[in-house]
Amino acid sequence: MTSTLMIIDMQRIFGEQTSGWFTPEFAAASEGSRRLRAAFGSRVALTRFVPPAEPQGAWVPYYEDWPFALDPANADLYELMPEFPVDDATVITRTTFGKWDDNTRSALGNPDSLVLTGVSTDCCVLSTALAAADAGVHVRVVTDACAGASAADHQRALDAMALYAPLIELTTVDEVLSEMA
């Protein structure tokens, strides 16, 4: 089974403490994601969440709650953190929490297995994992290379994804690396 590593939304908006969307355990997710990235070579996707030009539907009240996210003065916050240079990775940019769709599948060469890391476990990781699993892709969520809005939210998201076994499997950085050795 050929796996692709998807590193979800390791962006300044989630990694900088002054951001309204700062993720407290971002550094731990970053460390685990970087360890795995080295092992996956060119089979890596870096995703980015960006706001839409004009929010529609349920996104309108969402951005009313988070007006800083639409402020053009904050556009730099959507850049990937410096420890995640693009290099030969595929970049997936979406205005949605979930990053898995037919375009992503095609851009990644139709993988049959994904390894997910990143932020936020309880939002973009969860949404991506569920969509990919529904599409028939085996998903492995690396618990110690993800971070949620809080420790409780991280755990609740992991517990929800565990309900989708065997479509979604929870694992750790060390387990993935040992299987690749």
inquiry  = Just the residues that are closer than 22 Å to residue 121 by Cβ and not small (Gly, Ala, Ser), please, taken from the range 69-89.
reply    = 77, 78, 79, 80, 81, 83, 84
ask   = Would you say residue 20 is small (Gly, Ala, Ser) and closer than 12 Å to residue 119 by Cα?
value = no
task = Determine, yes or no, whether residue 84 is in contact with a helix residue (DSSP H, G or I) (Cβ under 7 Å, 6 or more places away or on another chain), surrounded by 14 or more Cβ atoms within 10 Å (Cβ to Cβ) and of a type in the set (Phe, Trp, Tyr).
result = no
ask   = Residue check: is residue 54 over 18 Å from residue 119 (Cβ atoms), without any contact (Cβ under 8 Å) to a residue 40 or more places away in the chain, not small (Gly, Ala, Ser) and not in a helix (DSSP H, G or I)?
value = yes
query = Can you spot a residue in the range 98-107 that is more than 25 Å from residue 180 (Cβ to Cβ) and in contact with a helix residue (DSSP H, G or I) (Cβ under 6 Å, 6 or more places away or on another chain)?
reply = yes
ask   = Under the condition of being more than 20 Å from residue 152 (Cβ to Cβ) and small (Gly, Ala, Ser), which residue from the range 110-140 is surrounded by the fewest Cβ atoms within 10 Å (Cβ to Cβ)?
value = 136
query = Does residue 48 satisfy the condition of being within 20 Å of residue 105 (Cα to Cα), in a helix (DSSP H, G or I) and touching a residue at least 24 places away in the same chain (Cβ under 8 Å)?
reply = no
task = Test each condition in (1) more than 21 Å from residue 46 (Cα to Cα); (2) touching a residue at least 24 places away in the same chain (Cβ under 8 Å) for residue 162 and report the one that comes out false.
result = (2)
Every residue from the range 61-70 that is without any contact (Cβ under 8 Å) to a residue 24 or more places away in the chain and either exposed (fewer than 11 other Cβ atoms within 10 Å of the Cβ) or touching a Gly at 6+ places or on another chain (Cβ under 9 Å) (or both) = 61, 64, 65, 67
Enumeration of residues in the range 1-27 that are in contact with a strand residue (DSSP E or B) (Cβ under 7 Å, 6 or more places away or on another chain) and buried (at least 20 other Cβ atoms within 10 Å of the Cβ) = 4, 5, 6, 7, 8, 9, 10, 11, 14, 23, 26
task = Could you please let me know if residue 102 is without any contact (Cβ under 8 Å) to a residue 24 or more places away in the chain and either over 17 Å from residue 9 (Cβ atoms) or under 13 Å from the mean Cα position of the chain (by Cα) (or both)?
result = yes
ask   = Hey, does the range 80-90 have a residue that's in contact with a Pro (Cβ under 7 Å, 6 or more places away or on another chain) and more than 23 Å from residue 19 (Cα to Cα)?
value = no
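Bear in mind these aren't lab numbers, they're just calculated from the coordinates by the rules spelled out. Owing to the predicted nature of the structure, the values given are computational and were not obtained by experimental measurement. Note that each Cβ is placed from the backbone with ideal geometry, even for glycine, and that neighbours are counted across all protein chains shown.
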